[in-house]
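Down below is the structure, laid out as structure tokens.
The values are calculated or read from the model by the stated rules, or taken from the named source; none is laboratory data. Here the structure is a predicted model, which means the values were calculated and not measured. In this analysis, Cβ positions are derived from the backbone assuming ideal geometry, glycine residues included, and neighbour counts consider all displayed protein chains.
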Amino acid sequence: MLKSLNLLRGHALAAIDGEIGRIKDALFDDQQWVVRYLVVNTGDWLSGRDVLISPRSLELPSPSQVHLNVRLTREQVRNSPDVDFEKPIPRQIEQDFYSYYGWTPYWVGFPLELFPSAIITPDMHGNVPVDRRNETSTPPAEQVLPREEMSHLRSAREIEGYHLHAIDGDIGHLVDYLISADSWQIQSIVADTKNWWAGKRVILPVRAFERIDWYHRLARTRLTREQIKTSPEFTSVEAAEAHQVGAPSN
């Protein structure tokens, strides 16, 4: 079953003993294209504090559910590690999160990446640039973090609106992600191409993307404009699911 991240945003989450807040954003692993965390705003309950919730703690939703049920208590969420969402999240913060809940980290026992090209490329020394969202050029060498100290988490909300770049030019922008409801794998990305031809939204498999250019806010694909033009049109999540577009290949 496919889910739209856009439609999940704003959805209420209910712990074992009461509501904990609403989904504000999702953080995905930019090497394996999997949603690792939901960013949940707790509203009046915790004075508007944002907390991380792992999808592994969620029960599979049914179509009629008003809340998404979380297999945690409110007290567990209240005492979970604080995270500064204004900065890139280092691996140590993730480690603290998993240690707190007593879970095995997702990066233990799994291959480094499922897709041959990570969407952010290390430099010749193996360093990964800090995510500086408003800069238009690569930061100087003294402003990079060692690769092993960083996770590969990216805000889904941040990337929405990035320009879609085909081999032969820009043709639109990103508007949504379609994920598998059981694995939280991002299977496809929805792009709006209305600045090239009238009002069409298309579904593109993640394997069609070469990389995300964070500094220029571009999503670069391996496709031509014509290939994107003839991609399946996005009309609803249900229709996309029927097409099974973007299913990952082994």
Pick out, from region 1-80, the strands (runs of 3 or more DSSP E) lying fully within it that include 2 or more residues that are more than 30 Å from Phe234 (Cα to Cα), of a type outside the set (Lys, Arg) and in contact (Cβ under 8 Å) with a residue 12 or more places away in the chain.
12-15, 18-29, 50-53
List, please: which pairs have Cβ atoms under 6 Å, are six or more places apart or on different chains, and start with a residue in region 207-236 that is under 13 Å from Ile167 (Cβ atoms) and end with one that is of a type in the set (Ser, Thr, Tyr) and outside any loop (DSSP other than H, G, I, E, B)?
Ala208/Thr221; Phe209/Thr221
Can you tell me which residues in region 163-173 are under 11 Å from Val202 (Cα atoms) and surrounded by fewer than 22 Cβ atoms within 10 Å (Cβ to Cβ)?
His173
I want to confirm something. Restricting to region 81-108 and keeping residues that are assigned to a loop (DSSP other than H, G, I, E, B) and among the acidic types (Asp, Glu), which single residue is modelled with the highest pLDDT?
Asp82
